[in-house]
1. 7 Å from Cα along Cα→Cβ at both Q75 and R54: what's the point-to-point distance in nm?
2. Please give, to one decimal in nm, the separation of the simple spin-label points placed at L106 and K123, each 7 Å out from Cα toward the Cβ.
Amino acid sequence: MIGDSTITGNPDTVGSREGSSQGGAKGSAVKSSLNLVVNVPSLYLEFPSHPTDRVQKLKDARSEAAKEIEAYKTQKQKDYESYEAEHKSQTSTNQHSIDESTETQLADIKKAVEQHRSNVIDKIVERVTQTQPAMHKNLKKIES
């Protein structure tokens, strides 16, 4: 258990490990440079003693993380594609209804233009030809 410790007097085993290295429920005992034996639970990572082992474990961890990231990206891409496919049909349906509405409105406007064309042309011609000559209000008569 954490906190349990015993002092040993054998200087030959300083820095070595005692107990099982299988990582059972009790953990493993680790000796420090003070000849203090401390039980370490198996939950803790054991650091390798050789630098190349450390480098290899770091490389392995990095490659494992890259695999997890790639799997996550793939899953998110699939989710996005399914979402896009689901909503694309709604967009095309909405676009189709908007196009139909626009066509009916344009047809109504063209029909109204044809109905009122002759009346509008007659009113424009009447206004253009109807003249009432008058002096501008700011114009003053100049006497010579």
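1. Placing both labels 7 Å along Cα→Cβ, they lie 3.3 nm apart.
2. So the label points at L106 and K123 sit 2.6 nm apart.
Since every read-out is calculated from the coordinates, none of them should be taken as a lab result. Note that this is a predicted model, so its numbers are computed, not measured. All Cβ positions, even for glycine, are placed from backbone atoms using ideal geometry, and neighbour counts span all protein chains on display.
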